[in-house]
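None of the figures in this text is laboratory data; all of them are computed from the coordinates on show. Fair warning: this is a prediction, and the values are worked out from it, not measured in the lab. As a convention, Cβ positions derive from the backbone with ideal geometry for all residues, glycine included, and neighbour counts pool all protein chains shown.
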Amino acid sequence: MSKLRLVLRELHRGEAGLARDLLAVADRHRADHEIFHVARDVAGWSQEHVRRIAEVGADFGVRLNPEPRWTLPGVGVLGRRAGAALARRPASGLLLLADLRHVHRKAAGVSLDWELLAQAAQAMKKQSLMQLAADCHPQTLRQMRWANAQLKVTSPQVIAS
């Protein structure tokens with residue numbers, strides 16, 4: 001039996017987690033408008049990826065939730081309150097760096113999963129999976145590059161201060 005189902009489940013789990021993490025970063029850093037708006041926008045890409053993985057997964061006998069819970073009850077409120085409390089404190093910069101490092105590592109892991117799916121799809125000649133990877137993987141790479149670029153912009157002033 002093929003391990004394709006396992007790859008699809010892991011990719012679904014990774015994309016859902018990346019979307020949740022990006023939404024949490026947006027909530028914690030509402031005072032930083034670029035972080036807030038861009039993190040929410042790129043979280044939408046992962047949410048769309050989750051829907052598409054669930055849709056394609058059904059064709060391969062994998063039942064995946066196309067609309068998982070994006071935030072845990074109460075966590076969004078706590079994140080917003082914590083972000084508001086830390087907005088003007090020096091520790092907020094360190095929290096942002098930690099959040100961006102986490103998003104970068106998570107996006108890198110999801111990117112590897114997209115590579116695994118693309119390679120398996122090519123070997124198995126599964127056109128729908130090759131198209132899914134071709135459509136979604138570039139956006140995951142952009143999420144990773146965005147986090148990296150924000151780290152480069154933010155880290156000098158946070159670390160040197």
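Taking the Cα atoms only, what angle lies between the long axis of helix 91-124 and the longest principal axis of the chain, rounded to 10 degrees? It is inclined by approximately 10 degrees. Couplings 3J(HN,Hα) for segment 29-35, derived from phi with the Karplus relation 6.51 cos²θ - 1.76 cosθ + 1.60 (θ = phi - 60°), are 10, 4, 5, 8, 4, 5, 4 Hz, where x marks Gly and Pro. Here the Karplus curve 6.51 cos²θ - 1.76 cosθ + 1.60, taken at θ = phi - 60°, turns the phi angles of segment 133-138 into couplings of 5, 5, 6, 8, 4, x Hz, with x standing for Gly and Pro. When the Cα atoms of segment 18-76 are aligned to their principal axes, the ranges along those axes come out at 44, 23, 11 Å in descending order. In the elastic network of the chain, a GNM with C-alpha springs shorter than 10 Å, the most mobile of A108, A149, A26 is A149. In the chain, a dipole from Cβ-located charges (positive for Lys and Arg, negative for Asp and Glu) runs towards its positive end, and of I53, L97, Q127 it is L97 whose Cα lies farthest in that direction. Using Cα atoms only, what is the angle between the long axis of helix 4-28 and the major principal axis of the chain, expressed in degrees (0 to 90) to the nearest 10? Long axis of 4-28 versus the principal axis of the chain: about 20 degrees.
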